[in-house]
Structure formats: C-alpha cells, structure tokens
1. Whose amide H sits under 5 Å from the amide H of A:ILE139, counting only residues 5 or more places off or on another chain, with H placed in the peptide plane?
2. So, in nm, how far is label B:LEU9 from label A:ASP252 when the simple model puts each one 7 Å beyond its Cα toward the Cβ?
3. For n ≥ 4 DSSP H runs only, could you compute -39500 (n - 2.57) per run for chain B, divide by its residues and tell me the 222 nm figure to the nearest 500?
4. At a threshold of 8 angstrom on Cα-Cα distance, excluding pairs fewer than six apart, so keeping six or more, what relative contact order does chain B reach in percent?
5. Charges at C-beta only: +1 for Lys and Arg, -1 for Asp and Glu. How large is the resulting dipole of segment B:34-137 about its Cα centre, in Debye rounded to 20?
6. Springs between alpha-carbon pairs under 10 angstrom, Gaussian network model over chain B: which of B:LEU179, B:LEU104, B:LEU41 fluctuates most?
7. Would you mind working out the magnitude of the charge dipole of the protein assembly as shown relative to its Cα centre, with +1 at each Lys and Arg C-beta and -1 at each Asp and Glu C-beta, to the nearest 20 Debye?
8. Under the √(5λ) rule applied to the eigenvalues of the Cα gyration tensor, what semi-axes describe the equivalent ellipsoid of chain B? Give them in Å, descending.
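Just so you know, all these numbers are worked out from the coordinates, no wet-lab data involved. Being a predicted model, the structure only gives us computed values, none of them experimental. Because the Cβ atoms are built from the backbone with ideal geometry, glycine has one as well, and the counts that use them run over all protein chains shown.
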Amino acid sequence: MSYDGWILLTASLVGLSCGLVGALLILRRMAMMADAISHTVLLGIVVAYLVTRELSGAHMLIGAAAAGLLTAVLVQGLHARGVRQEASIGIVFTTLFAIGVILIATKVGNAHLDVQHALMGEITFIPWETTPVPGLGEIPEAVLVLLAVLAFVTALIVALYKEWKITSFDPALAAALGIPVAFLHYLFMTMISVTAVAAFDAVGAIMVIAMLITPASAAYLWTDRLSVMLPLSGLFGVASAFAGYGIAWLLDTSISGSMAFATGLLFLASFLLSPRHGLAARRLRGRTAVGRAER
Amino acid sequence: MIGLSHNALWVLVSMLMLGTAAGLVGCFAYWKRHSLMSDALAHAALPGVVAGYALLGFKSLPVMLLGAAASALVGALAVSWIRSSSRVKEDAAMGIILSVFFGLGIMLLAIVNRLPGGGQSGLDSFIFGQAAAMVRQDMRLMTAAAAIVLLVVLVSFKEWKLHLFDPAFARGLGLSGRLMDAAYLTLLVVVIVIGIQAVGVILMAALLIIPAVSARYWTNAFGTMLALSALFGGGAGVAGAYVSTLESGWPTGPFIVIAAAGIFLVSFLFGLRKGLLLKAMQRREQMRRLRTRAIRSDKLTEGEALP
C-alpha cells in the first residue's frame with residue numbers, strides 16, 4: 001500500500017475505535033473523563049519506559065491501561081470523600097500529567113520520548129515503522145496495534161451490548177437487576193485507556209480527545225437508537241480522518257491537528273443541519289408550531 | 001532571596017501575583033461548578049495566541065494575549081450555545097471545544113513554524129509554559145493585569161458573595177445576573193490568558209481548580225476561603241517557579257501543579273473543616289458514644305423508662 005494509504009488506514013482505525021467507545025462515553029456522561037485519561041496515559045507511557053527502558057507497544061499498552069485505571073480510581077476515591085466530581089477530575093489529571101511531564105524533562109531527556117510528540121502525534125512516521133507479517137508483507141506496527149484494539153473494543157461492546165445499554169441509560173435499574181455496575185464502570189475505563197493509548201501513540205493526545213468526544217456527539221444528534229449511534233459514530237470518525245487528511249494536504253500543516261479540526265466541522269454541520277435535533281430543524285419546527293397555534 | 005538574579009526575582013513576583021489572582025477567581029469557578037470550564041477555555045486560547053503572532057509576523061505579547069482572550073471567549077460562547085440549543089450535555093460540549101480549538105491551534109502553529117523565522121518564535125512555550133522565556137516587559141504586563149483582577153475582586157466582594165450564593169436575592173436587590181456573569185467570564189478569561197505563557201494552556205486549569213478546592217477544607221466562610229485560596233495559589237506559583245529556574249529548560253507549569261497538589265494533599269488529610277483526619281476522629285467519637293449508650297440499654301429491666 002502507498003504511504004498515504006497507510007496514514008489514512010491508521011487514522012481511520014483510530015476514528016473507528018474511538019467512535020465506538022465514544023458513543024458509550026457520551027451516553028454515560030463521562031466526556032471529561034476521556035479528557036483526563038487521554039492526558040494521564042502520558043504518565044503510564046513514561047513510567048513503562050523508565051522501568052523497561054524500551055519503547056515497545058505491549059509495555060506501553062500495559063502502562064497506559066494502568067495509568068487510566070489509576071485515574072479512574074483516584075477520581076472516584078476523591079469524589080467518594082466529598083470532592084466534587086468535576087473538581088476531582090481537574091485535580092487528578094493535571095497532577096498526574098504534570099508528574100509525567102516532569103519525569104520526561106528530568107529523567108528521560110529528549111532521547112526517545114518527547115511531550116510535543118505525545119500531544120500532537122507524528123502520524124507521518126507511522127508508515128516507516130513496520131514489522132513483517134507472514135503472508136502480508138511489511139505492515140506498520142501502529143496498524144497492527146490498532147487492529148487488535150479495535151477487535152478488543154468491538155468484541156466487548158457486542159458481547160456485553162445489553163449490559164452497556166442498561167447501565168448507560170438507567171444505572172439504578174441495572175443495579176437492581178444485579179448487573180455489576182461498578183465492574184462495568186472500571187471495565188469501560190480500561191477500554192477508554194487502551195483505546196486512548198493505541199491511538200495516542202499513533203496520533204497524539206489531542207486528536208484522541210477530539211475523536212472520542214466529537215464524532216459521538218455528532219452521531220447523538222442524528223439518532224435516538226444506540227444500535228444506529230454506535231456505527232454512525234464510528235463512520236463519522238473515519239470521515240473526519242479523511243477530511244482532516246485532505247485539509248492537512250491542502251494547507252500543508254499538522255495532520256493530527258487538522259483531523260481534530262475536521263471532527264469539529266462535522267459536528268458543526270450536524271449541529272446545524274441534523275433533521276432530528278439540528279438547529280435548523282428546531283427553528284423550522286418552532287415556526288410551524290407557532291404558525292399552527294396562530295391559525 | 002540570595003543567589004537569585006534580578007530576572008528570577010521578577011519571575012517569582014509575577015508568579016506570586018498570578019497565583020493569587022488565579023486562587024481568587026478559582027473560588028468563583030468552584031462555586032459556579034465551572035472547574036473544567038477553565039480547562040476548556042485555556043485550551044481554546046491557543047489558536048488566538050498563534051493567530052495574534054501570525055497577524056503581526058513578530059512576537060508581541062499584548063497582541064497575542066488579545067488574540068488568546070478573543071478565542072477563549074469564542075470558545076466559552078460556543079460551549080454555552082451548544083449546551084442551550086442542542087441536546088449535547090455541557091461536559092461533551094466542553095470536550096468538543098477543547099479538542100477542536102486546540103487542534104486548530106496546532107494546525108496554525110505548524111503553518112507559522114514553517115514561515116521564515118517562525119521556528120524561533122517561542123510559541124511552543126505556550127503549551128507547557130516557560131516562565132524563563134518571559135522578558136521583563138511581559139512580566140510587568142502580567143503583574144499589572146493580576147493586580148487589576150485582585151482589585152476588582154476585593155472592591156466587589158459583597159456583590160460576588162450575593163451573586164454566587166443567593167442569585168435570586170441578588171437580582172431582587174437590583175444586581176444584574178447577566179452583568180455579574182459577564183464580569184465573571186471576563187475575570188476568568190483574563191486570568192487564563194495572562195497565565196498561559198507562564199503555566200501553559202494544558203495545566204492552567206490546575207492553578208484555578210486546586211487552590212480553591214484546598215481552601216474549602218479549612219473554612220466554611222467565603223471570605224476566608226478567598227484569602228486562603230489566594231495564599232495557596234500564590235505559594236504554589238512561587239514554589240513552582242523557583243524550582244523550575246534551578247535548571248534551564250525545565251517547564252514551569254508542571255512544577256507549579258505539583259506544588260499545588262502537595263497543598264491539596266495536606267488540606268485533604270488534615271483540613272480543619274472536612275479533612276479526612278478530622279472526619280475519622282469524629283467517627284471514632286461517635287462510635288464511642290454509641291457504644292456506651294448500647295451498654296446502658298443492655299441493662300434495662302422490664303418496666304424501666306428508656307433514657
């Protein structure tokens with residue numbers, strides 16, 4: 001496959017897996033938790049690097065998943081002891097992120113890890129970091145990791161579809177039915193962390209947040225059915241990846257920044273034009289309702 | 001302050017002022033439940049900073065700060081517009097604005113860095129903050145702005161208290177809610193904008209969130225909370241800035257956040273109003289009282305009145 005093809009494939013995989021997880025994230029009202037986790041995975045990656053002294057995919061995934069869980073546990077712990085939810089998110093993620101940045105600045109040097117790279121991603125290098133796969137030839141490492149994560153996320157969503165649905169829309173009913181709500185919460189946090197780190201390694205923290213929250217919010221404006229919202233959100237993620245790549249090519253600028261920007265354009269279009277919950281449709285409905293009332 | 005250069009002294013003074021101002025405004029944000037809004041606004045300021053640079057073609061702090069304020073305000077309006085006219089919730093709206101604006105900022109930054117001379121613009125320091133990269137004039141501007149914020153808060157303390165804790169009564173007295181909201185948003189944006197060069201857009205929120213939450217552990221009085229939060233913010237600012245000047249190239253923001261987190265941990269454990277230690281002691285006391293009562297009731301005989 002060509003160079004551009006690999007980049008588009010990587011970004012589409014990010015869009016797809018983030019879109020799927022993001023749909024549940026929006027419905028569970030945990031958007032800012034994703035912001036927090038995609039920042040704190042940096043600490044997990046740095047610690048994994050300091051312990052093993054190598055930048056391999058598996059170590060990083062484990063470190064990042066641990067950091068994500070730690071974030072979730074700390075936020076929950078502070079909240080249970082009387083700190084407001086949003087304040088505890090703010091305290092935990094800024095502190096863990098600051099520790100990560102300081103470790104990079106003091107211990108790691110700029111040798112292999114640097115913060116700018118982590119935040120903005122270097123998707124342009126992905127097609128060159130390949131591993132041989134029997135039967136398929138040279139495949140970029142990031143693509144393999146993202147494929148594995150996508151399979152993991154999709155399998156979990158499909159296998160526990162009914163449970164996700166009930167715990168997202170009516171946690172009290174779920175608890176009454178004996179569904180392990182707390183376990184599912186932490187499982188979901190693990191899913192976010194794993195998705196965030198796989199994508200983070202490829203495209204940087206900011207694009208992860210954009211891909212997790214924005215396409216799912218856009219999809220939320222188009223449909224009232226979870227079974228439609230999930231694939232639609234994934235599709236929007238892929239569409240933003242392509243649009244963002246186009247913008248970056250036109251303006252010759254940062255690819256991951258443009259993709260984050262493209263998710264915003266897609267959301268804006270949905271916000272204005274969606275037939276069900278869009279601004280234009282609302283105005284129109286409002287006017288006809290007023291007209292009918294006047295008649 | 002022996003052994004500090006004149007410049008480093010200026011850095012410490014300006015960080016003291018910034019921390020104090022952020023501590024005060026952070027209390028307002030705390031009671032408005034806007035802790036994460038400050039995070040979204042700080043990220044949303046990035047495209048404005050870069051655009052301010054790109055328009056002039058050279059680095060001028062006032063213009064960049066104006067750009068930052070403009071784009072942070074646009075971000076704030078967009079969040080409230082999305083929340084009020086669609087079914088997307090506020091937290092998702094903040095996440096959208098935060099990431100999309102930051103993405104736009106990164107796009108612009110990549111374009112500017114490609115321009116001749118753009119690579120040395122020092123714009124990258126806005127992401128993590130680099131107090132050492134500031135020149136004397138920048139620090140004067142920052143200090144003056146922080147002093148104005150301080151003055152505004154002190155002069156209108158009574159109005160803020162009313163507006164935050166009993167908005168209906170405040171309106172009854174003729175205090176416009178919209179005016180106070182606008183004033184609050186202006187203060188918030190000013191603090192964020194002057195802080196981002198020193199602390200960075202990513203960690204600016206910490207300076208607004210952590211001192212206020214820490215102060216809450218020591219008092220139930222709003223005035224005392226403001227004073228403590230200002231003290232904590234100023235202390236964290238000075239401590240973090242001091243550590244970051246020890247070695248060249250160390251970012252300022254993360255060290256300030258660590259100092260603030262230390263203050264929070266102490267308050268959380270030992271705070272005199274709702275700290276963990278205090279709560280544990282109260283629980284023990286209560287258990288002891290319950291136990292003595294339970295033993296007495298064991299000895300009740302038939303027909304005896306309950307105590």
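1. Placed amide hydrogens put A:THR131, A:VAL133 under 5 Å from A:ILE139.
2. Taking the simple label geometry, B:LEU9 and A:ASP252 are separated by 4.9 nm.
3. On the way: 14 runs with 237 residues, N = 307.
The helix contribution divided over chain B gives -26000 deg cm²/dmol.
4. Details: 449 pairs, mean separation 85.3, N = 307.
Normalised by residue count, the contact order of chain B is 28 percent.
5. Details: 6 positive and 4 negative charges, 28 e Å.
Computed about the Cα centre, the dipole is about 140 debye.
6. Fluctuation is largest for B:LEU179.
7. Values: 41 positive and 28 negative charges, 509 e Å.
Result for the protein assembly as shown is approximately 2440 debye, rounded to the nearest 20.
8. On the way: eigenvalues 368, 116, 67 Å².
Over the Cα atoms of chain B, the ellipsoid semi-axes are 43, 24, 18 Å.
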